[in-house]
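Contents: one structure, followed by commentary.
The values are calculated or read from the model by the stated rules, or taken from the named source; none is laboratory data. Given the structure is predicted, the values throughout are model-derived calculations rather than measurements. Ideal geometry is used to build each Cβ from the backbone, glycine not excepted, and the neighbour counts take in all protein chains shown. Side chains are part of the model used for accessible areas, which takes the heavy atoms of the whole protein and leaves out ligands, DNA and RNA. Shrake-Rupley method; radii C 1.70, N 1.55, O 1.52, S 1.80 Å.
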Amino acid sequence: MRWRKYIDFDVIHLLVGAIVGMGLSSCQPEMPVISTITVEADGLTVPVNPDLYGLTIEEINHGIDGGLYAELIQNRSFEDGVPPLNCPYDAARNVLITPNGWTIPFMRGDSVPGWRRIVPNTQIYPDMKELVNDKNRRSLLVAVSTSGESGRGGVIAEGYRGIPIRKGERYDLSFFAKGANMVPRTIRVALEDSMANTVLSDVFQVAPLYEWKRYRHTFTATEDAPNAVLTITADTSAVFWLDVVSLFPEDTWKGRKNGLRPDLAALVDSLAPRFIRFPGGSFVEGYTAGTYPIWRETLGDISERKHFWNVWAYGTTNGMGYHEYLQMCEDMGAEPIYVINSGITSQSRRPRYEDITAMDKLTGDALDAIAYANAPADSLPGALRARNGHPEPFNLKYVEIGSENYGGEYFRRFELFRKAIKEAYPEITVISSSPLTKRGRSEWVDSHYYAGENFFLSNSGRFNSDRYSRRSPAVFIGEFGTTERPLAGTLRAAVAEACFLVGAEENPDMVRRLAYAPVLGNAGFENQRHPLISFNTHQAVVSPSYHLLKMFTRHRGDEVLKTIVDTYEKPQVRTGRAGVEMFDNSYEFKDVRIDGVPVSDISVMSGGWKVPEAGTLVPEANRWNHVLFGDSTSYAYEYTATVRRTKGSGQIQLRLRDNGWTGEQADYIALTIGAGTSELYHQVGGVKDSLVSPVRFPFESNRWYTVRMTCEYERVRCYVDGVLLHEVDMRPIPSLVSVATLDKENRVIYLKVVNTTRHEEKTSLRIEGVNIRNEAELIQLRGEPEARNTFENPGAVTPVTEPIVFPMSGPFIYNFPPNSVTILKLYME
Ligand code: AHR
């Protein structure tokens, strides 16, 4: 792509508008052609990567339990209050504390989420002694005390904020019960309205014996209700235990037992994912022993599956286990990419490292998982798979070791997995979750791109050969999406993401896979990040990003055509304060100034900082120290500091335009020195966007250095002791971004064009080397930048499909609407 610089056509449009408005022009001025897109349809092409687009499907946001997995009963085996091993509950803070000191929200041991008792006649007690089997760690003891006159007693299962039922539909109930009385007491089970006032199904009556027994019944709903409940009640005094209370609609996706909620599965399927990476994400990482999935513990009867309190702070049933994920991939025609815990729990949550000498167990587990998926039905693992309903192999070809793991400890463990897998299954691609040093080798590296709008808008060129070495490992983007709030979920976010996707499509040799995440989120619960598909008990709504992905996955073609975009770009300028981030107090600072004025007014963001006198900053020992100063609304200033390292060999980071946020909302420019190199980059959310290649910069301890950094519009300069180390412009934002592909069989060119501006972009389209018909078709996502889809207005942003006719003679001119993503289907003669 070729971009012309510095004219912000939003401004030109405003000026033209003003001229007309002021009556300065007697006639409507004709907007000039602003941009040109040239497609060399007869030039050199590269094959399209047909497998590019996929999804990461993870247990997050109740996307699986309470979402895609069709089970209607929350906390069905009453294990939600069982803490992981060696994790005491701190009642004052309502958290669990792991052996390594990480805390995660929890609840009192007697809480039973998803259930309530009928008062005043009922007492309930989670019971860790009366168990249906040795894998199940809690049941529920229900004690009803009533003469009948004071009403019934019992428990009410509320589902995941309600149980949706539809008149005439059938629902399969199963549960274990055991009576405490030698003379069995009758209990009644039914579907009722949300207040448990009106029965909405037939009633199932049973008198539990003095031993555990599984009972089954199929209800037929007599009414529609989005938020029904399941009641288990007695009209007389009775004491009984319950466990593994399950209610499944018979209507599951593709009619599978223990299957998927049809509307959600259909929405996922409709994205035509070429692969599905599962079951996470951080879900795979966990936060301490026993809090991440182990494939063999997620198989078989639902009463035997391992329940754990997951990394997102809710209970996981593993009802949707390894087998169900593989089955879903097969049903959707998607290549399974199985992610396995690397022996390290989440490194951002005070990790636990599996003893390196005990890794055989884990690598053996990985081999067994592959065998379960791929071995013939007459082998032991294959027979187990066949018993679970799938005699044919699933043909698993990709395994990822860990998610978001990194560093030396990870590399050592990765290497053990890689070696074991490659020896047994040379055909399997083993993916690492971070780039490896020479100590390890991986075929594909999974990078995650959770970032702000500006990153995506300005990074369609990230994988171009001038920025991304062709000697690097292939790119596997296992997770990406706009995380900047409040933009996530808006059309604006989708437009930004579209720029990034165009870049990925243009570089099929480097970008092998690209998955959006998270995909699903139950709106009744707190969500991490904005999902593609939000849902409640009975509705689902998709985000503009969902539509974008659907548009892109449906229009792939076979060959990428060379496309030249001649357009304008605007500088990326954000405001923010200056600051320092570092560990410990190993550096001294003096003469810290903004525009020549010694700093005295500081905001301590983390750690501790003192200002003994203006311009002198003193960080705290053994802490991560982050401090900010200067004006948060300023984008042009000079920041100077004189620094000296007094101990260790650690680095410091001096920042410009720091918005003060951390994690996914972070945005700042960072200069890092002290560790032998000097680096300058733009941190946008979770993504480090290097502005220059790091340069060698030996740094001596006990010597004062004077650092000067300036930012002015898009230009950033860094000097050390008067020598210019870096001079760079922030990445610009092009007005148009585009890629074209050719569908050879149908003789169609798909021209994808993103207009990032707030105005119509009048564009001349030149398709060279072939004749194009004047009638074309467009598919377009357009609208107000901040528009988003909601349950009330699910169609606020949906693509339109329209025929378009170009004039018989003259160039093809098209006005791309503001803030839009367009696919033009151009038919070759
Ligand atoms: O997409 C949500 C989470 O974000 C994933 O679990 C994790 O990998 C990432 O940090």
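Scanning segment 149-193 for residues that are without any contact (Cβ under 8 Å) to a residue 60 or more places away in the chain and among the hydroxyl-bearing types (Ser, Thr, Tyr) yields a total of 2.
The criterion of being modelled with pLDDT under 95, more than 16 Å from the ligand (Cβ to nearest atom) and touching a Ser or Thr at 6+ places or on another chain (Cβ under 9 Å) holds for Glu569.
Asn789 - would you say it is among the polar types (S, T, N, Q), more than 18 Å from Leu501 (Cα to Cα), in a loop (DSSP other than H, G, I, E, B) and touching a residue at least 12 places away in the same chain (Cβ under 8 Å)? So Asn789 passes the test. The single condition among (1) charged (D, E, K, R); (2) closer than 15 Å to Asp235 by Cβ; (3) loosely packed, with under 14 Cβ neighbours inside 10 Å that Arg185 does not satisfy is (3). So which residues in segment 753-762 are surrounded by 23 or more Cβ atoms within 10 Å (Cβ to Cβ) and of a type in the set (D, E, K, R), if there are any at all? Selection gives Glu761 alone. If the condition is being more than 25 Å from Val541 (Cβ to Cβ) and either within 16 Å of the ligand (Cβ to nearest atom) or out of contact with any Asp or Glu (no Cβ under 7 Å at 6 or more places or on another chain) (or both), then segment 297-317 contributes Glu297, Thr298, Leu299, Gly300, Asp301, Ile302, Ser303, Glu304, Phe308, Trp309, Val311.
Filtering segment 44-69 to residues that are assigned to a strand (DSSP E or B) and either open to solvent by less than 30 Å² (accessible area, probe 1.4 Å) or within 16 Å of Ser403 (Cβ to Cβ) (or both) leaves Tyr53, Gly54, Leu55, Thr56, Asp65, Tyr69. Elements of the type strands (runs of 3 or more DSSP E) sitting completely within segment 182-260 and holding at least 2 residues that are among the β-branched types (Val, Ile, Thr): these cover 187-192, 213-220, 225-234, 238-249.
Which one of these is at pLDDT 95 or above and either closer than 20 Å to Tyr814 by Cα or touching a Lys or Arg at 6+ places or on another chain (Cβ under 6 Å) (or both): Asp51, Asp8, Asp90, Asp65? The match here is Asp51.
Quick check on Tyr287: is it without any contact (Cβ under 8 Å) to a residue 60 or more places away in the chain and part of a loop (DSSP other than H, G, I, E, B)? When the stated conditions are applied, Tyr287 does not pass them.
Check whether at least one residue in segment 738-757 is over 30 Å from Pro508 (Cβ atoms) and of a type in the set (A, V, I, L, M, F, W, C), and report yes or no. No; the residues of segment 738-757 include none that is over 30 Å from Pro508 (Cβ atoms) and of a type in the set (A, V, I, L, M, F, W, C).
Cβ-Cβ contacts under 7 Å between residues 6 or more apart (or on different chains), taken from a first residue in segment 336-350 that is touching a residue at least 40 places away in the same chain (Cβ under 8 Å) to a second residue that is polar (S, T, N, Q), are listed as Val339/Ser403; Ser342/Asn405; Ile344/Asn405; Thr345/Thr288; Ser346/Ser282; Gln347/Asn405; Arg350/Thr98; Arg350/Asn100. Can you name the residue in segment 704-738 that is small (Gly, Ala, Ser) and surrounded by 21 or more Cβ atoms within 10 Å (Cβ to Cβ) and is also nearest to Thr633 (Cα to Cα) among such residues? My answer is Ser735.
Residue check: Trp609 meets all listed conditions (1) without any contact (Cβ under 8 Å) to a residue 24 or more places away in the chain; (2) farther than 20 Å from Tyr668 by Cβ but one, namely (2).
Among the residues of segment 399-421, those that are open to solvent by less than 30 Å² (accessible area, probe 1.4 Å) and not small (Gly, Ala, Ser) comprise Val399, Glu400, Ile401, Asn405, Tyr410, Phe411, Arg413, Phe414, Phe417, Ile421.
Here is a list of conditions, (1) closer than 25 Å to Thr363 by Cα; (2) within 16 Å of the ligand (Cβ to nearest atom), and Gly343 meets all of them except one; can you say which number that is? The single condition Gly343 does not satisfy is (2). If you go through segment 589-601 and keep only what is part of a strand (DSSP E or B), out of contact with any Phe, Trp or Tyr (no Cβ under 6 Å at 6 or more places or on another chain) and in contact (Cβ under 8 Å) with a residue 24 or more places away in the chain, you end up with Phe589, Lys590, Asp591, Val592, Arg593.
Considering only segment 84-96, state which residues are surrounded by fewer than 20 Cβ atoms within 10 Å (Cβ to Cβ), in contact (Cβ under 8 Å) with a residue 60 or more places away in the chain and on the phi < 0 side of the Ramachandran plot. Hits for segment 84-96 are Pro84, Leu85. Take the conditions closer than 20 Å to Thr316 by Cβ, in contact (Cβ under 8 Å) with a residue 60 or more places away in the chain, assigned to a strand (DSSP E or B) and β-branched (Val, Ile, Thr) and apply them to Ile73. Does it pass? Considered against the rule, which asks whether it is closer than 20 Å to Thr316 by Cβ, in contact (Cβ under 8 Å) with a residue 60 or more places away in the chain, assigned to a strand (DSSP E or B) and β-branched (Val, Ile, Thr), Ile73 comes out as no.
Residues in segment 29-74 that are under 30 Å from Thr252 (Cβ atoms) and small (Gly, Ala, Ser): Gly54, Gly63, Gly66, Gly67, Ala70. Within segment 252-288, if we keep just the residues that are aliphatic (A, V, I, L, M) and surrounded by 23 or more Cβ atoms within 10 Å (Cβ to Cβ), the residue that is nearest to the ligand (Cβ to nearest atom) turns out to be Val284. I'm trying to understand the selection: among the residues of segment 521-544, which are open to solvent by less than 10 Å² (accessible area, probe 1.4 Å), part of a loop (DSSP other than H, G, I, E, B) and away from the ligand (no atom under 13 Å from the Cβ)? Across segment 521-544, the qualifying residue is only Ser543.
Residues of segment 207-226 that are buried (at least 18 other Cβ atoms within 10 Å of the Cβ) and touching a Ser or Thr at 6+ places or on another chain (Cβ under 6 Å): Phe219, Ala221. For residues that are part of a loop (DSSP other than H, G, I, E, B) and over 30 Å from Pro518 (Cα atoms), tally how many sit in segment 545-588. Residues meeting the conditions: 4.
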